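Below is one structure, written out as structure tokens; the observations come after it.
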Amino acid sequence: MTTHNMLIAPDFSPERFAGWHMLNTLIQKRANINMHLNMPAAHAEQEDIIAQGDIQVIYANPFDAATLIREQGYRAVARPIGKSDEMVIAAASNGEIGSLEHVTTGMTVAMANNRDVKLIGLRLLEAVDIMEPDLSWDITETYQAAARKVIKGEAQVGFFLAEIFHSFSRLTKAQLSVLIESDLADISHVLLVKEGFADSQVLMDAILNLHKDEDGKEVLTELGMAQGFEAMSEEDGEFMIDLMETLLD
């Protein structure tokens with residue numbers, strides 16, 4: 001039996017790690033396919049793995065998904081229900097930045113390499129007339145590393161994926177102050193399959209029916225996706241790409 005490859009984007013909170021392995025195990029059993037799970041630790045590693053050309057399924061952030069659909073022959077087939085990609089802008093709680101208005105030209109922003117988080121954050125900063133060239137950018141391996149830089153004063157502001165920010169330890173969150181959290185609702189991670197992937201339909205059947213029994217519900221709870229997945233049409237994928245391009249404008 002052929003072994004396929006699934007890649008999970010590295011921008012999820014650490015407590016979800018086991019859930020992805022549980023999902024892969026259950027999908028293999030229900031779809032009767034062999035699927036190797038790839039879980040890169042950072043965005044650069046993700047790009048290296050995809051560049052090797054043998055990834056059939058990707059759970060991608062929306063910015064990467066737009067590129068993968070347009071340029072690398074993937075199509076969006078599903079997304080989690082009620083789980084949008086929101087982001088948090090935060091500063092050190094003991095610092096001088098108490099609101100978005102205190103963010104000024106020349107400050108350093110620490111963040112992991114996640115383009116959609118950056119785009120949403122920049123859109124929020126437009127309210128205080130701050131643009132991308134006005135800031136210095138410190139790109140870290142992980143969001144946890146970005147938080148440490150803000151807490152230590154090595155960066156004045158941090159951009160975080162909201163789910164990861166809210167998963168930080170109580171001690172970490174006590175040392176950070178939320179300046180703003182986005183509420184876009186329309187942008188989410190998506191499940192992509194490579195064009196020509198022969199087992200696409202059986203995979204989709206397994207994914208879309210996870211919410212119908214206890215084993216599937218347990219996996220979805222572990223992933224923080226209690227409502228399960230919904231199918232995406234080609235038009236849904238195009239709409240998401242248009243949204244990302246709007247953020248880029």
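Which one of Ala162, Ala147 is of a type outside the set (Lys, Arg), within 30 Å of Ile55 (Cβ to Cβ), at pLDDT below 95 and surrounded by 16 or more Cβ atoms within 10 Å (Cβ to Cβ)?
Details: Ala147 fails: at pLDDT below 95.
Exactly one of Ala162, Ala147 is of a type outside the set (Lys, Arg), within 30 Å of Ile55 (Cβ to Cβ), at pLDDT below 95 and surrounded by 16 or more Cβ atoms within 10 Å (Cβ to Cβ), namely Ala162.
Residues of the range 1-54 that are out of contact with any strand residue (DSSP E or B) (no Cβ under 8 Å at 6 or more places or on another chain) and among the hydroxyl-bearing types (Ser, Thr, Tyr): Ser13, Thr25.
From Asp116, Asp199, grab the single residue that is touching a residue at least 24 places away in the same chain (Cβ under 8 Å) and under 30 Å from Arg30 (Cβ atoms). Only one candidate qualifies: Asp199. Scanning the range 150-199 for residues that are over 30 Å from Ala66 (Cα atoms) and among the acidic types (Asp, Glu) gives a single hit, Glu154.
Just so you know, in the range 69-85 the residues that are over 13 Å from the mean Cα position of the chain (by Cα) and either over 22 Å from Glu45 (Cα atoms) or surrounded by 20 or more Cβ atoms within 10 Å (Cβ to Cβ) (or both) include one that is modelled with the lowest pLDDT, and it is Gly82. Looking only at residues in the range 105-128 that are at pLDDT below 95 and assigned to a loop (DSSP other than H, G, I, E, B), which one is farthest from Ala66 (Cα to Cα)? Of everything passing the filter in the range 105-128, Asn113 is farthest from Ala66 (Cα to Cα).
Okay, residues lined up against (1) within 26 Å of Ile81 (Cα to Cα); (2) surrounded by 15 or more Cβ atoms within 10 Å (Cβ to Cβ):
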residue: Glu132; (1), (2): no, no
residue: Leu135; (1), (2): no, yes
residue: Arg170; (1), (2): no, no
residue: Val190; (1), (2): yes, yes
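Please determine whether any residue of the range 217-240 is closer than 29 Å to His36 by Cα, among the β-branched types (Val, Ile, Thr) and over 17 Å from the mean Cα position of the chain (by Cα). Yes. Of all residues being touching a residue at least 60 places away in the same chain (Cβ under 8 Å) and polar (S, T, N, Q) in the range 44-61, which is nearest to Arg75 (Cα to Cα)? Just the residue, please. The residue in question is Gln56.
Inspection of the range 211-224 identifies at least one residue that is surrounded by 15 or more Cβ atoms within 10 Å (Cβ to Cβ), at positive phi and touching a residue at least 12 places away in the same chain (Cβ under 8 Å). Contact map, the range 15-27: first residue within 12 Å of Ile207 (Cα to Cα), second residue part of a helix (DSSP H, G or I), Cβ cut-off under 6 Å, separation 6 or more or different chains; pairs are Leu23/Val219; Leu26/Val219; Ile27/Ala206.
The rows are residues; the columns are (1) crowded, with 19+ Cβ neighbours inside 10 Å; (2) under 17 Å from the mean Cα position of the chain (by Cα); (3) farther than 22 Å from Pro14 by Cα.
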position	(1), (2), (3)
Glu47	no, yes, no
Gln52	no, no, yes
Val57	yes, yes, no
Asp64	yes, yes, no
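The values are calculated or read from the model by the stated rules, or taken from the named source; none is laboratory data. None of these values were measured; they are calculated from a predicted model. Positions of Cβ are backbone-derived with ideal geometry, glycine not excepted, and every protein chain shown enters the neighbour counts.
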